[in-house]
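No value in this document is a laboratory result; all are computed from the given coordinates. Quick caveat: nothing in here was measured; it's all calculated off a predicted structure. Cβ placement follows ideal geometry from the backbone for every residue including glycine, while neighbour counts extend to all protein chains displayed.
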């Protein structure tokens, strides 16, 4: 059963550095919803930084930890900013989609590259030797397939991205 519009979560997905956390806080404020950043949630539950988990446990274990924590969330009426690697878990994506709308925040690679100066320390799930470009090329189609809505963030402020999301969601609700 689909939740009522005011109980639906707005789930932000996309590459690291696209602005999910910043947009999420603003979106929560303007839509009168609670906000959760799943990266922060995982760090708090695990008692260590994402990068420390990746460095000591490896990518596969980290993705399992991320999936477990996401599947434990049973939220209504929240804005949820996810980690960029959430798209690797079909179970997590299905769970998130069951209680909300998945919004893909999209930016061209060149703009992301300028924003991501700390890729080695921010807890980005990347295979050893993988480049940021190959990560982008691997993930973008996955985000696109999972998303209910994609917002091109090129040339927009965070506030303008929030406006686009809210306008699109209000348009969706009128059509339903």
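Of note:
- Legend: calculated FRET efficiency, residue 91 to residue 138, from the Cβ-Cβ distance at R0 = 25 Å, rounded to 0.05, equals 0.85.
- Between helix 132-146 and the chain: long-axis angle, C-alpha atoms, 0 to 90°, nearest 10: 30
- Added length on full extension, which subtracts the Cα-Cα distance from 0.36 nm per residue, residue 154 to residue 48: 34.8 nm
- Answer label, with volume of the Cα convex hull per residue in Å³ calculated from the coordinates and candidates (i) 143; (ii) 108; (iii) 159: (ii)
- Net length available on complete extension from residue 167 to residue 110 is 17.8 nm, with 0.36 nm assigned per residue and the Cα-Cα distance removed.
- The chain: calculated mean residue ellipticity at 222 nm from DSSP helix runs of at least 4, using -39500 (n - 2.57): -16000 deg cm²/dmol
- Spin-label model distance (nm) - residue 61 vs residue 127, 7 Å beyond Cα toward Cβ: 2.0
- Put in line by how crowded their Cβ is, counting other Cβ atoms within 10 Å and starting with the fewest, 25, 151 read 25, 151.
- Note: relative contact order over the chain, using C-alpha pairs below 8 Å and six or more positions apart, is 34 percent.
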